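Novice: I am attaching a structure below and will ask some questions about it afterwards.
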Amino acid sequence: MPDRPLIETVDLVKTYRVGSSTVKALDHFSIDIEEGEMVAIMGPSGSGKTSLLNLIGALDRPDSGTVRVKNVEIDRLGEEQRARFRKHNIGFIFQFFNLIPSLTAIENVLVPIMFEKEKPTRKAADLLERVGLGDRFDHLPGMLSGGERQRVAIARALINDPLIILADEPTGNIDSETAREIVSLFKELNDEGKTLVLATHDRLVAGRAKVMVKIRDGRMVRGKAHSRDGMMSLSPKEGGGREK
Amino acid sequence: MRDREGRLATRKKARKRGPDGDPKRLTPLGYILRETWRNRSRTFFSITGIASLALLFILFSSMDKGLEDYFEDESEGVPSDESKELFKVKQVMDDWVYLISVLCWALMVLVVMNTATITVVERKLELGSLRAIGISSVQVSFLVIGSMMLIVAAGIASGLLASLVLIPLLDIANLSMLGGGLDLPLVYDPVSILNTILLGLGSGALGLIPPLLMIIRSSPVEVLRDAG
């Protein structure tokens, strides 16, 4: 049996109710993401980028279709199992950082493991040093700039050493210079073997990704992948996996 | 001068680190304390409310107990005019003490429910983010229960401490106003203290049900979407 991709979504449909109307966020969307890839998902607001990330990250369930991550059908897991799955396999990075305002930078990094018996505080300190905040351990989020807060969020996403990092508009709330540094950090993590899936409007972020997928109205409209031989085209396929 | 500042900074830094020089660990209790302190004005008002109700409850319990003990001692012999008057007060108290207890309990439930609901609504994004990064809804509920139980415990303890001072003072003052000119006996007994603690725990448990249901039923996706 051939190896399955790290992330496999098949024929995903996801709808939301907004007032009295129903919005189709994902419309029979399928994509395979291999381990170690850096995928940029691009598309206009409301195209389904965040919905896709939420489904891959075990935050939400599809109306129909399957999400398989590390060979686990995560849409079939119960609430508590999905929380555990997220904790150990997924690192989330949000546009608005979502840090806890009353906790210092280092405590924010430690939040995902505060209920664990083993608390690798040294690792949290190393991660903050790695993202360039070695002198900001005891600063509250309110004392940090947007870029610094995003770095804390990246360190927090890495504390459990997840295989997959999901970032929703990670550069959407920071200046272009800091965005460039954040993207370099993502590239570095990808080079170390982390799989990154980034929902973004930012061409700078998309330009550094190995695979770029464009979606509109919940469907894949175009995809491009970097390869050793240059660019490969991905085309949408109903009900299927990745095509090259 | 600069040396002194340097020493102070080093000492401050050392306090924030463990004995091995590593940064201090973050525990759920540490998180609860930090969050309770962040919302200190609301916490203060909730503690004051619970303390006042606990004080009112223990005051009436002490009056009830005092009258009970008085009539146990006066059961034999011809009743005096004062004991006749006190007996009337006791008859009223017998009805009122239950009503006051129920009222204190209901108000305490409302205080807990109100504070916890505001906390959950106000910290919706924070609690949703915690769930998104892998903290389960049971663990998030534990954080909310912990902070509310801290408030209830502080409120009950404050009420009991205040009663320790107030009841002997009222006993000295003879409670002439409350007793309609009579020397109303007050007895501070351990059963009243235990009842007050149980009252606090009961109201905490009941008042927390609606906010906890909010947490369990809420979806982190919806919370994050609303925030975006």
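A short reminder: the numbers here are calculations on the coordinates, not readings from a lab. These figures come from a predicted structure and were not determined experimentally. All Cβ positions, even for glycine, are placed from backbone atoms using ideal geometry, and neighbour counts span all protein chains on display.
Novice: How many nm separate the modelled label positions at B:Ile216 and B:Thr27, each set 7 Å beyond the Cα in the direction of the Cβ?
Specialist: Modelled inter-label distance: 2.8 nm.
Novice: Given labels modelled 7 Å from the Cα in the Cβ direction, how far is it in nm from A:Val18 to A:Met143?
Specialist: Using points 7 Å along Cα→Cβ, the separation is 4.1 nm.
Novice: Hey, what did region B:39-227 get for relative contact order, percent, Cα under 8 Å, at least 6 apart?
Specialist: Details: 188 pairs, mean separation 79.4, N = 189.
Rounded, it is 42 percent for region B:39-227.
Novice: Related question: For region A:1-133, with only Lys/Arg (+1) and Asp/Glu (-1) charged at the beta-carbon, what is the dipole magnitude about the Cα centre, in debye rounded to 20?
Specialist: Magnitude of the dipole: close to 380 debye.
Novice: Write out the trypsin sites (Lys or Arg not before Pro) in region A:103-139 meeting two conditions: DSSP loop, and at most 16 other Cβ atoms within 10 Å of their Cβ. Display every interim value, and only then the final one.
Specialist: Values: sites: A:Lys117, A:Arg122, A:Lys123, A:Arg130, A:Arg136; in loops: A:Lys117, A:Arg136.
Here the trypsin sites (Lys or Arg not before Pro) that fit, given the DSSP loop and packing criteria, are A:Lys117.
Novice: How would you classify region A:122-187 from its alpha-carbon gyration tensor, with a ≥ b ≥ c the square roots of the eigenvalues: rounded for a/c under 1.5, else prolate if a/b is greater than b/c, otherwise oblate? All intermediate terms of the calculation are to be shown ahead of the outcome.
Specialist: Numbers: a/c = 1.72, a/b = 1.08, b/c = 1.60.
It comes out oblate by the Cα gyration axes.
Novice: Please compute the net charge surrounding B:Asp64, taking Lys and Arg as +1 and Asp and Glu as -1 over other residues with Cβ under 15 Å from its Cβ.
Specialist: Details: positive: B:Lys65, B:Lys88, B:Lys90; negative: B:Glu68, B:Asp69, B:Glu72, B:Asp94, B:Asp95, B:Asp171, B:Asp189.
Around B:Asp64, the charge tally is -4.
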